[in-house]
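> Here it is: the structure, laid out below.
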Amino acid sequence: MSNQEYQVTRSSNAARVAAILGAIVVVVLIAAPWWAGRADMRLMGEMFLYLALASLWNLMAGYAGLVSVGQQAYVGFGGYMLFALTMFAGLHPLTAIGLAGVLGALISVPVAVLIFRLRGAYFAIGTWVIAEVFRLSFAQVSALGGGSGSSLPVGIVKSLADARDTREALSYWLALGAAVLVVAAVYFFLRSRRGLALTAIRDNELAASSLGIDIWRTKLVVYIVSAALTSMLGALIFLQKLRISPDAAFSVNDWTAFVIFIVVIGGIGTVEGPIIGTLIFFALRETLADLGTVYLIVLGLVAIVVMLKAPRGVWGLIRSRFDLQLFPLRYRVIRRGPSKGA
Amino acid sequence: MEWLNAIVQGALLGGLYALFAAGLSLIFGVMRLVNIAHGDLIVLAAYLGLTVTAATGLHPLLALVVVVPAMGAIGYALQRGLLNQTLGDDLLPPLLVTFGLSVIIQNGLLEVYSADPQKLDAGALETASLSVGGLSLGILPVLTFAVAVAVIWALQWTFYHTSLGRAFRAVSDNQDIAQLMGLNRRHVFGLAMALALVVTGIAGILLGIRTSFDPSIGGGRLIFAFEAVIIGGLGNLWGTLAGGVILGVAQTVGAKIDPGWQLLAGHLAFLFILAVRPNGLFPRIAA
Amino acid sequence: ANPVLRVGHVSPRTGPLAAFAEADDYVLEAIQQTFSAGLENNGKTWSVEIISKDSQSNPNRAAEVAADLILGDEVDIIVAASTPETVNPVSDQAEINEVPCITTDCPWQPYFFGRNGVPGEGFMNTYHFFWGLEDVIAAFLDMWGQVDVAKSVGGLFPNDADGNAWGDAENGLPKPLAAAGYSLVDPGRYQPLSDDFSNQIAAFKEAGCEIVTGNMIPPDFATFWSQSAQQGFAPRIVTIGKALLFPSVIESLGERGEGLSSEVWWSPNHPFSSSLTGASAKDLAEGYSAASGRPWTQPIGFKHALFEVVADVIRRAEDLEDPAAIVETIAATNLETIVGPVNWANGPINNVTKTPLVAGQWQKDGDAMELKIVANSNAPDIPTTGEMKLLG
Amino acid sequence: MTTILKLDAVCKAFGAVKVADDLSYEVAEGEALGVIGPNGAGKTSMFNLITGTLAPNSGRVIFAGNDVTSHNAARRCHAGIARSFQVPQPFSHMTVFENAMVAATQAAGLREHAAERFCIEVLEQTGLLAKANTTAGSLTLLERKRLELTRALCAKPKLLLLDEIAGGLTEAECVSLIRTIKDIHAVGVTIIWIEHVVHALLEVVDRLIVIDFGRLIAEGEPHAIMDSPEVKEIYLGIEADA
Amino acid sequence: MPDDILRMQGLDAHYQDFQALYGVDMHVDTGEVLAIIGANGAGKTTLMRSITGLIANGPGQILYRGVDIGGMRADQVARLGLAMVPEGRQLFPSLSVEENLVIGGQMGRRGPWSLEKVFALFPILKDRRAVPSTSLSGGQQQMVAIGRALMSNPDIILFDEISLGLAPIVIKDIYDALPGIIGEGMSAVIVEQDITKALSVSSRVYCLQEGRVSLEGASATISREEISRAYFGIQ
Ligand SMILES: Nc1ncnc2c1ncn2[C@@H]1O[C@H](COP(=O)(O)OP(=O)(O)OP(=O)(O)O)[C@@H](O)[C@H]1O
Ligand SMILES: Nc1ncnc2c1ncn2[C@@H]1O[C@H](COP(=O)(O)OP(=O)(O)OP(=O)(O)O)[C@@H](O)[C@H]1O
Ligand SMILES: [Mg+2]
Ligand SMILES: [Mg+2]
């Protein structure tokens, strides 16, 4: 048969090298408490949390076509659950983080039923309104400080670990773990047949449904999983912030606009994009944030310039130039060399 | 009577929301552009009004003569110089560009005008009221409502009864083919944005008279504008007006029950309508 | 070289609360000048480096920059000012990271209760000086008592840290107002940046309120104030916290700004002077006006005082290398500052001490609007500069 | 012979336009049925009703003995119905091969490796193998149509619905397309084919139905149908001989 | 005045890195019907899109009535009197049938075509003039696309895959109408896969193969063998 000459691959040398390098980097990062300063660890911890948020948003927007500007709903929800479960139910913070994920998943189901009726830009606005409803609703809960917010009692933070160093290392590892877990989960999900279905839905719903893909269910699964993980990330974030208030917890700028910035600048619809984007975003912030308004103006300019020069983001640019994929998802059909021919 | 008052005041507030939303609805309808900077452009218009009134001593309403063309020109330039480059079937590049624009406008205004709250001084107009059947209605909110109705009527008419409106719709449907009809899409989009910002200019001045503003308040208004557009249904500006009024009334009625529910009630009304009619109340164009 | 002591400073330089920090550059520059020769501690001269960061009026960002200052810049003392949105997250970070922290410019109830403080226990590392709601109420009552109005008060409290504290049934305005014979109409907490106050106005009209009080942000007040006129509601006294502090806000209200009243935490007429420079309140205020061309604002004094306390602590600390020793020194402070005495020994609650508060009214003085002090019975050493007038 | 598809009094209207008007017919397993009718007669709509993209106002669709009227498109696909779209609906950002893989893994339920092999086979059969790594968005219109066919085949259907796939082909291309479809038919796949290129249709189908205004107006042996005066008049535009 | 209305000289076209046309030389005489044939992907659509300015091309590559239109924007080219019936209809979904037609005529070029004449040509459209163009069948949409192009009263009209998706009766109607259309003094370029049809209505024919002209000749005299050779190259 002539098609014996053809072969399908999903990997490349670059990807294999990247996998090895990636593993080394992760090991080095795990060891950070022994080589990095407290501030560096905190910064990296924050980067990991943003990377995780960005990867999840990318999964939704870049692959499932669910452009949400309301993920702050789950960040804030997770944060509030951490506070509520530790302060009122007396749970250990780690248990509370896990449970925040479960609750996030639960609450996302009715939300999904409602907003999945919307498409495209409507969906985006709908999610934003949902997040506002979350914000305004939590602002009515006086046990959690209402609109004023609440601080996490010191005792709860100390229950993580008594020594400050251990505590800091622990929150760093939690953040690192979250990032690695989310990126890996997204990658392996996309490589699976469900991932293929997801990409198909993004491209053309009509054709996807005619090819046996249950669009609603596939999107729902992605949405719920993102909501659960985002809620857990929210709990982690506010474990570091120590203080929560509706405006901070459900800030569209902090938890969604910056995340969109990261993903789109980095390259949406690629696993690599959020990583690149996170690096760019934090590079800008660390060098310029003290300039106040100027920093924000620069951020705006970067967003505009990148979108004009590289609408597929920085990684999109790199990929089209060098045909590079560090997390190989594409199928390539290649013809075997004649030497192998029968 | 109190309920009636709440409803009437809410409806008048809805006029302001509809005015915020009208420009947004236009560019969303024509370019499928989700303009995150819309709220900040409204604030920009208010600041332009401030500068004009401060420099010339004109009444803010007369300052419209300067602000409206200026906003139109800004809109045209913005579209041709920047936004045209980002349009395509992808929602995100324009979203991010307008996000960038929003941040730039906000912080630019902060640099120029500082964070001080400002207000346009419209003199007696601000406090004047008329009494209708025991209700006391501010002249300014009534005027705002009337302006909203007029603006929306004009936009709707332009959109569906003029060749410019036809051009808007054609270019929004299929840019390539519209070019074959002799339409320069960049110019048409420029005109659409100019028209949208003309409306924004009017909205900005009326906002600046109604309340005090500082560079950061644009974002808060944006979501109401979006909600009004969506409630109304894409491509139907009367729907946008209805959407604004529904939001306004939901807010005041919610506040009547408990002031904490004012904003929440508006959002819940929005979600309720979407649950029942995902394409809005009066969609003219399939989304 | 001298050992270096780092002081971290967080304030809302940008964002909606930026007015509170508008004089930061001026104040910090003057402070740095006085610190330039170094400060004496136990016979050694320490160089003091102030690292100032912007919270962008955003509590998330405030927590972040505070952590940055603590972990990255390894500051030895951290200070913060201006509303709970900045003060609380910074204090929380300092508390958990065990860094001495001094804050001001936020009533103590939202500071203390807003951080889940437990009376009698308080905090380990964080200290605060400002006034409390009891003072604001006393000052308001003092002012209202001077004129003849119906004792029916309309309350406008937003659902934010300040508003919740002011309106709180236990610790806020309601109880003392009732005790003083005023009836309070409180329709409930509204969400900040509301576009409509017609329900509140209707309720106030119905109850015949002649006084309106509360704590609002400027845009909300402006909306409320013009709607009041449109809907025929004309109170005789309007005394609002926060929104009416700044001359720029009053100016933006035009004619309708005249006669509004507010609490006064600090003014050029306060009879205090700086322990650091010896300058009087008047000197400081005029210095700022001259340098910036803008009118004085109340936070100037407190920002200056914050660093007076810092300097005092540095001078007195037993061991500047030891955070615990610094905390002890803060607790033992007894200093006359440009905003009055700061002494945590006689605070109303753990970790808090109070500075005097009076009330004032914006009155026309020539062309400009000026905040005249009209009620001072709770701090008689601060002279009044005008007399309370009714609106309308 | 068993019936694989049965339309039972299906009606569907868009406002005043009836796209299916009491439409009833049966298709036997392994049959190749041709559909002709004027533009706008409701042929594509009929496919939409069969695949579940459109819900009928009344009537039933029965596939392989089951009433599938209430089933969504995905479910009917899993039951064995695949189609090509008249206006191609590619997954534009995916490659041709990935388009095929979607069908093979989701619709046919093949495992990864088997799916890859199968897709290559089908791509070779439909002549798109050379374009396997091209993104579908950059295909020409006719290549997209061929991709439609490819995807439908990769779904391993029992019933294959083809909507105008021969239009615009050169004569040689048309010949090879006919051969392909005959091959598919030969392995037992039931086919319903809408086509205006009548000569191609006649090479393949066993039976022909004619639709006009959503109604079935003729049905029977292809050549006989083509010769009927009615078809000549409303479809071919030839004056019926007296 | 040159007797060719349109002339391509060394026309190249690219999609990013991919070159779709290689130095195409071609001309259309005034008043003639030219047929272009070629296999799938040969570059026929690309050629049409290049002529109308939808694909950027260089100066000097396309002359229209002797004027260089290479590098012009599509709307400028359209105003000069070039119209195209695009592959796959591409109507404006948010415009009604009538508006779709009217917008074709809004450049204000004078000439024989008007709404009435288009309705006379395709009577079914008159009944459905007020409905959204999306709710037309494929064939009806093709009629609107043709009418829309005619409404601009072009001097030259390009048909890409004129009969694709049409029932035989409609194809017949359109081909029957074609002489009338051309008779109004228009020139036309037709892409058509049905070679017999293409040859019967055209005066001359070009065959494209992989982006190059592989054959040129008079429709009446060209032979079938030549054409099939030109389609697939020398085999
Ligand atoms: N948008 C595009 N991006 C990249 N390549 C394209 C694009 N459109 C067409 N091509 C390529 O250009 C070549 C010529 O395409 P063109 O559409 O001009 O062919 P055609 O002769 O019209 O074919 P058909 O008969 O299939 O319509 C083809 O190889 C095609 O793959
Ligand atoms: N979504 C819709 N809304 C309103 N009318 C529609 C819709 N879809 C189709 N129609 C109408 O239904 C009729 C049948 O359309 P359909 O596409 O089924 O025709 P067809 O037989 O496939 O024609 P063609 O051979 O031209 O493709 C047409 O008159 C069309 O206007
Ligand atoms: Mg059809
Ligand atoms: Mg083509």
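> Taking the stated definitions as given, is E:Leu82 within 16 Å of ligand 3 (Cβ to nearest atom), surrounded by 18 or more Cβ atoms within 10 Å (Cβ to Cβ) and either at pLDDT 85 or above or more than 10 Å from every other protein chain (Cβ to nearest Cβ) (or both)?
Working: within 16 Å of ligand 3 (Cβ to nearest atom): no; surrounded by 18 or more Cβ atoms within 10 Å (Cβ to Cβ): yes; either at pLDDT 85 or above or more than 10 Å from every other protein chain (Cβ to nearest Cβ) (or both): yes.
No; evaluated as a whole, the condition is false for this residue.
> Let me ask another. Can you give me the number of residues within the stretch C:172-199 that are within 12 Å of another protein chain (Cβ to nearest Cβ), of a type outside the set (Gly, Ala, Ser) and under 28 Å from C:Thr86 (Cβ atoms)?
Count: 8.
> Something else about it: Any idea which residue in the stretch B:170-189 is farthest from the other protein chains (Cβ to nearest Cβ), counting only those that are crowded, with 22+ Cβ neighbours inside 10 Å and more than 19 Å from E:Val77 (Cβ to Cβ)?
Taking the stretch B:170-189 first, the residues crowded, with 22+ Cβ neighbours inside 10 Å are B:170-172, B:177-183, B:185, B:188-189.
Next, only the ones that are more than 19 Å from E:Val77 (Cβ to Cβ) stay: B:172, B:189.
Values: B:Ser172: 7, B:Phe189: 13 Å.
So the residue we want is B:Phe189.
> Listed residues D:Thr105, D:Thr3, D:Thr69; which is assigned by TED's automatic domain parsing to the domain that holds D:Thr140 and more than 16 Å from ligand 3 (Cβ to nearest atom)? Spell out the reasoning first.
On the way: D:Thr3 fails: assigned by TED's automatic domain parsing to the domain that holds D:Thr140; D:Thr69 fails: assigned by TED's automatic domain parsing to the domain that holds D:Thr140.
When all the criteria are applied, what remains is D:Thr105.
> Give the residues of the stretch C:6-50 that are in a strand (DSSP E or B) and within 22 Å of the chain's Cα centre (by Cα), sorted by residue number. First the steps, then the outcome.
Taking the stretch C:6-50 as the starting set, the residues that turn out to be in a strand (DSSP E or B) are C:6-11, C:39-41, C:44-50.
C:Val7, C:Gly8, C:His9, C:Val10, C:Ser11, C:Ile50, listed by residue number.
> Here are A:Ser192, A:Ser142: which of them is closer than 30 Å to C:Gly172 by Cβ and either polar (S, T, N, Q) or buried (at least 21 other Cβ atoms within 10 Å of the Cβ) (or both)?
On the way: A:Ser192 fails: closer than 30 Å to C:Gly172 by Cβ.
Selected residue: A:Ser142, the only one of A:Ser192, A:Ser142 that is closer than 30 Å to C:Gly172 by Cβ and either polar (S, T, N, Q) or buried (at least 21 other Cβ atoms within 10 Å of the Cβ) (or both).
> With the requirement that a residue be in a helix (DSSP H, G or I) and without any contact (Cβ under 8 Å) to a residue 12 or more places away in the chain, what does the stretch A:158-180 give you?
Initial filter on the stretch A:158-180 (in a helix (DSSP H, G or I)): A:158, A:164-180.
Correct list: A:Lys158, A:Arg164, A:Thr166, A:Arg167, A:Leu170, A:Gly177.
> Of everything in the stretch B:135-154, what is in a strand (DSSP E or B) and facing chain C (nearest Cβ under 7 Å)? Give them in sequence order.
Taking the stretch B:135-154 and keeping what is in a strand (DSSP E or B), we get B:135-138.
Of everything in the stretch B:135-154, those that are in a strand (DSSP E or B) and facing chain C (nearest Cβ under 7 Å) turn out to be B:Ser136, B:Gly138.
> In the stretch E:171-194, which residues are among the β-branched types (Val, Ile, Thr) and either within 12 Å of another protein chain (Cβ to nearest Cβ) or at positive phi (or both)? Show your work before the answer.
If we filter the stretch E:171-194 for residues that are among the β-branched types (Val, Ile, Thr), which is where we start, we get E:171, E:174, E:181-182, E:189-191.
Selection gives E:Ile171, E:Ile174, E:Val191.
> Within the stretch B:80-117, which residues are polar (S, T, N, Q) and more than 20 Å from the chain's Cα centre (by Cα)? Give the derivation first.
Of all residues in the stretch B:80-117, those polar (S, T, N, Q) come to B:84-86, B:98, B:102, B:106-107, B:114.
B:Asn84, B:Gln85, B:Thr86, B:Asn107, B:Ser114 - these are the residues of the stretch B:80-117 that are polar (S, T, N, Q) and more than 20 Å from the chain's Cα centre (by Cα).
> Next question. Taking the conditions exactly as written (more than 10 Å from chain A (Cβ to nearest Cβ), touching a Ser or Thr at 6+ places or on another chain (Cβ under 9 Å) and surrounded by 22 or more Cβ atoms within 10 Å (Cβ to Cβ)), does D:Ile165 satisfy them or not?
On the way: more than 10 Å from chain A (Cβ to nearest Cβ): yes; touching a Ser or Thr at 6+ places or on another chain (Cβ under 9 Å): yes; surrounded by 22 or more Cβ atoms within 10 Å (Cβ to Cβ): yes.
Yes: the conditions hold for D:Ile165.
> Could you figure out which of (1) surrounded by 19 or more Cβ atoms within 10 Å (Cβ to Cβ); (2) within 13 Å of the chain's Cα centre (by Cα); (3) within 27 Å of E:Arg128 (Cα to Cα) isn't true of D:Ala41?
(2)
> Taking the residues in the stretch B:231-252 that are farther than 17 Å from B:Leu263 by Cα and assigned to a helix (DSSP H, G or I) as candidates, determine which candidate is nearest to the other protein chains (Cβ to nearest Cβ).
Narrowing the stretch B:231-252 to residues farther than 17 Å from B:Leu263 by Cα: B:232-242.
Filter again for assigned to a helix (DSSP H, G or I), leaving B:232, B:237-242.
Working: B:Gly232: 12, B:Leu237: 14, B:Trp238: 17, B:Gly239: 14, B:Thr240: 14, B:Leu241: 17, B:Ala242: 17 Å.
Here the answer is B:Gly232.
> Can you tell me how many residues in the stretch D:1-47 are near ligand 2 (Cβ under 9 Å from one of its atoms), aromatic (Phe, Trp, Tyr) and in contact (Cβ under 8 Å) with a residue 60 or more places away in the chain?
1
> Still on this structure, please answer the following. Exactly one of (1) at the interface with another protein chain (Cβ under 8 Å from one of its Cβ atoms); (2) in contact with a helix residue (DSSP H, G or I) (Cβ under 7 Å, 6 or more places away or on another chain); (3) surrounded by fewer than 24 Cβ atoms within 10 Å (Cβ to Cβ) is unmet by C:Gly241. Its number?
Checking C:Gly241 against (1) at the interface with another protein chain (Cβ under 8 Å from one of its Cβ atoms); (2) in contact with a helix residue (DSSP H, G or I) (Cβ under 7 Å, 6 or more places away or on another chain); (3) surrounded by fewer than 24 Cβ atoms within 10 Å (Cβ to Cβ), the one that fails is (1).
Let's see how each residue does on (1) among the small types (Gly, Ala, Ser); (2) more than 16 Å from ligand 4 (Cβ to nearest atom); (3) assigned to a helix (DSSP H, G or I); (4) within 12 Å of chain A (Cβ to nearest Cβ):
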| site | (1), (2), (3), (4) |
| --- | --- |
| D:Gln125 | no, yes, yes, yes |
| D:Glu143 | no, no, yes, no |
| D:Ala152 | yes, yes, yes, yes |
| D:Lys156 | no, yes, no, yes |
| D:Leu161 | no, yes, no, yes |
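> Can I ask one more? Can you go through C:Val75, C:Val87 and tell me which one is within 17 Å of C:Phe302 (Cα to Cα), crowded, with 24+ Cβ neighbours inside 10 Å and within 14 Å of chain A (Cβ to nearest Cβ)? So that I can check it myself, show each step before the final result.
Working: C:Val75 fails: within 17 Å of C:Phe302 (Cα to Cα).
After applying the criteria, what remains is C:Val87.
> Hey, another quick one. Output the number of residues of the stretch B:95-109 satisfying the condition of being buried (at least 21 other Cβ atoms within 10 Å of the Cβ), facing chain A (nearest Cβ under 8 Å) and out of contact with any Phe, Trp or Tyr (no Cβ under 8 Å at 6 or more places or on another chain).
First, pick out the residues of the stretch B:95-109 that are buried (at least 21 other Cβ atoms within 10 Å of the Cβ): B:95-107, B:109.
Okay, now just the ones that are also facing chain A (nearest Cβ under 8 Å), so B:95-97, B:99-104, B:106-107.
Okay, now just the ones that are also out of contact with any Phe, Trp or Tyr (no Cβ under 8 Å at 6 or more places or on another chain), so B:95, B:97, B:100-104, B:106-107.
Number of matching residues: 9.
> Filter the stretch E:195-235 down to residues that are within 16 Å of ligand 4 (Cβ to nearest atom) and part of a helix (DSSP H, G or I) and give me whichever is farthest from the other protein chains (Cβ to nearest Cβ).
Going through the qualifying residues, I end up with E:Ala198.
> Further question on the same structure: Which of (1) away from chain C (no Cβ under 11 Å); (2) assigned to a loop (DSSP other than H, G, I, E, B) does B:Ser216 not meet, given it meets every other one?
It fails just one condition, (1).
> Given the structure, is D:Ala73 more than 7 Å from every other protein chain (Cβ to nearest Cβ) and either under 27 Å from D:Leu139 (Cα atoms) or not polar (S, T, N, Q) (or both)? Full working, then the answer.
Numbers: more than 7 Å from every other protein chain (Cβ to nearest Cβ): no; either under 27 Å from D:Leu139 (Cα atoms) or not polar (S, T, N, Q) (or both): yes.
Considered against the rule, which asks whether it is more than 7 Å from every other protein chain (Cβ to nearest Cβ) and either under 27 Å from D:Leu139 (Cα atoms) or not polar (S, T, N, Q) (or both), D:Ala73 comes out as no.
> So, one more: So E:Gly60 ticks every box in (1) within 16 Å of ligand 1 (Cβ to nearest atom); (2) modelled with pLDDT under 90; (3) small (Gly, Ala, Ser) but one. Which box is left unticked?
(1)
> Please specify each residue of the stretch E:122-158 satisfying the condition of being of a type in the set (D, E, K, R) and within 13 Å of chain D (Cβ to nearest Cβ).
Here is the first cut: in the stretch E:122-158, the residues of a type in the set (D, E, K, R) are E:126-129, E:148, E:155.
Hits for the stretch E:122-158 are E:Asp127, E:Arg128.
> Sticking with this one: Among the candidates E:Ser152, E:Ser96, single out the residue that is surrounded by 24 or more Cβ atoms within 10 Å (Cβ to Cβ) and touching a strand residue (DSSP E or B) at 6+ places or on another chain (Cβ under 7 Å).
Working: E:Ser96 fails: surrounded by 24 or more Cβ atoms within 10 Å (Cβ to Cβ).
Just one listed residue meets the conditions, E:Ser152.
The values are calculated or read from the model by the stated rules, or taken from the named source; none is laboratory data. All of these numbers come straight from a predicted model, not from anything done at the bench. Cβ atoms come from the backbone with ideal geometry, glycine included; neighbour counts cover every protein chain shown.
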